[in-house]
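Student: The following block contains the structure, expressed as structure tokens.
The values are calculated or read from the model by the stated rules, or taken from the named source; none is laboratory data. Note that this is a predicted model, so its numbers are computed, not measured. Reconstructed Cβ throughout: ideal geometry from the backbone, glycine too, with neighbour counts over all protein chains shown.
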Amino acid sequence: MIKVGIVGATGYAGAELVRLIASHPQAEISAISSVSFQGQRLSDVYPAYLSINDMECETQEDVVEKSDVIFAALPHGLSQELASDCVSKGKAFIDLGADFRLENEDDYKEWYNGEFLDKELHKQAVYGLPELFRENIKKGQKIVANPGCYTTCSPLAIAPAVKFELVETKGIICDCKSGVTGAGRKPVQGNHYPELNEGFHAYKVASHRHTPEIEQTLSKLAGEKVTVTFVPHLLPVNRGILATVYADIKPGVTFEKIKKAYEIFYKNEYFVRLLPSGMNADIHNIKYSNFCDISLHHDKRANKLIACAAIDNMVKGAAGQAIQNMNIIFGLDEKTGLEIMPPAF
């Protein structure tokens, strides 16, 4: 059994890791930690876990010592020293935060106001979006930067069209809507029920920190610098992200050619479901699962590709994808512990 440690287990992503690992046939949780709830049982924080996981929150050091792989579900800026400690002790480290996602330190300074504490350590990190960078993850690197929700959903929506040069890389628009769990567990005014309920608004317009990460992924696929317009919105729901990505179709490219390219690109990807013509990606249909549903649409009048992608931001956008990465690192089938059927209603 793979011994799993979770640092930050009482946040939403950490708690979701606990839920998913509980059903994993080849992994077990060895230790958990939480600064806010140290010494308390996880089931005291989340009563839904009563008698399923009553583990006490230990210290971060205990988690590292007791585990083969450490998941860090921490705010940005808190993972670098922990990653260094894990690597020095031969432990695998999967970071659900942002500290290792950006390859360019200048981007990290600009968007996160931080710096790379150990540049050589950052060179050891791989970006953990399996459907696009699986071979890099398989190389046995000990640090995996697990992408977030927007940075998973948006690239998966448009990746085949960019990779096969079927759309213009200038003018791509990522119009995204997320459930409120994406903002984390710590309450703020914008997540307060009276502020959120029956409302719907854009936020951090043209300034969201996920922008350079989306651009980094698409630039790698395109082989050239890609700049996107990214606008996130907050939905009054708990879970789910819907990304609607717009791109101009290149002259001479037919919509049928684009659909064929998507079929080829995602043919062997269990967690990506290409929807039949006439269906629309819907966050309802992927809830609690690691699936990404994609629907393709053609605006004939403007000759634009409209690609819609839906994921559960807490699963494929966080904990599920992290476990998918763990499975790759340890040579397991990627589906192990993640074959979760979404509820029908």
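Student: Tally the residues that are of a type outside the set (S, T, N, Q) and not in a strand (DSSP E or B), restricting the search to region 1-49.
Tutor: Filtering region 1-49 down to residues of a type outside the set (S, T, N, Q) leaves 1-9, 11-22, 24-25, 27-29, 31-32, 35, 37, 39, 41-42, 44-49.
Keeping just the survivors that are not in a strand (DSSP E or B) gives 1, 8-9, 11-22, 24-25, 35, 37, 39, 42, 44-49.
Count: 27.
Student: State whether the residues of region 304-327 include one that is of a type outside the set (A, V, I, L, M, F, W, C), over 30 Å from K142 (Cβ atoms) and either at pLDDT 95 or above or in contact with a Gly (Cβ under 8 Å, 6 or more places away or on another chain) (or both). Working first, answer last.
Tutor: Residues of region 304-327 of a type outside the set (A, V, I, L, M, F, W, C): 304, 312-313, 316-317, 320-321, 324-325, 327.
Now restrict to residues that are over 30 Å from K142 (Cβ atoms): 304.
Retained after the next criterion (residues that are either at pLDDT 95 or above or in contact with a Gly (Cβ under 8 Å, 6 or more places away or on another chain) (or both)): 304.
So far as region 304-327 goes, yes, one or more of its residues are of a type outside the set (A, V, I, L, M, F, W, C), over 30 Å from K142 (Cβ atoms) and either at pLDDT 95 or above or in contact with a Gly (Cβ under 8 Å, 6 or more places away or on another chain) (or both).
Student: State the number of residues belonging to region 72-92 that are free of Cβ contacts under 8 Å to residues at least 60 places away in the same chain and touching a Lys or Arg at 6+ places or on another chain (Cβ under 6 Å).
Tutor: 1
Student: Taking Q38 and the conditions (1) within 19 Å of the chain's Cα centre (by Cα); (2) modelled with pLDDT under 95, which numbered condition does it fall short on, given that it satisfies the others?
Tutor: (1)
Student: To continue, here is another question. Here is a list: S207, S219. Which entry is in a loop (DSSP other than H, G, I, E, B) and over 29 Å from V45 (Cβ atoms)?
Tutor: Details: S219 fails: in a loop (DSSP other than H, G, I, E, B).
Answer to the check: S207.
Student: Moving on to the next point. So how many residues does region 13-30 have that are buried (at least 23 other Cβ atoms within 10 Å of the Cβ) and farther than 18 Å from T336 by Cα?
Tutor: 3
Student: Let me ask you something else. Only one of S33, S88 is buried (at least 23 other Cβ atoms within 10 Å of the Cβ) and not aromatic (F, W, Y). Can you tell me which?
Tutor: On the way: S88 fails: buried (at least 23 other Cβ atoms within 10 Å of the Cβ).
Only one candidate qualifies: S33.
Student: Tell me yes or no: at least one residue of region 281-288 is under 17 Å from K316 (Cβ atoms) and touching a helix residue (DSSP H, G or I) at 6+ places or on another chain (Cβ under 8 Å). Walk me through it before giving the result.
Tutor: The first filter runs over region 281-288 and keeps only residues under 17 Å from K316 (Cβ atoms), leaving 281-288.
Checking the rest, the ones that are also touching a helix residue (DSSP H, G or I) at 6+ places or on another chain (Cβ under 8 Å) come to 286, 288.
Yes, the conditions are met somewhere in region 281-288.
Student: Determine which single condition N313 fails, assuming it passes every other condition in (1) closer than 20 Å to V180 by Cβ; (2) surrounded by fewer than 18 Cβ atoms within 10 Å (Cβ to Cβ).
Tutor: Of the numbered conditions (1) closer than 20 Å to V180 by Cβ; (2) surrounded by fewer than 18 Cβ atoms within 10 Å (Cβ to Cβ), the odd one out for N313 is (2).
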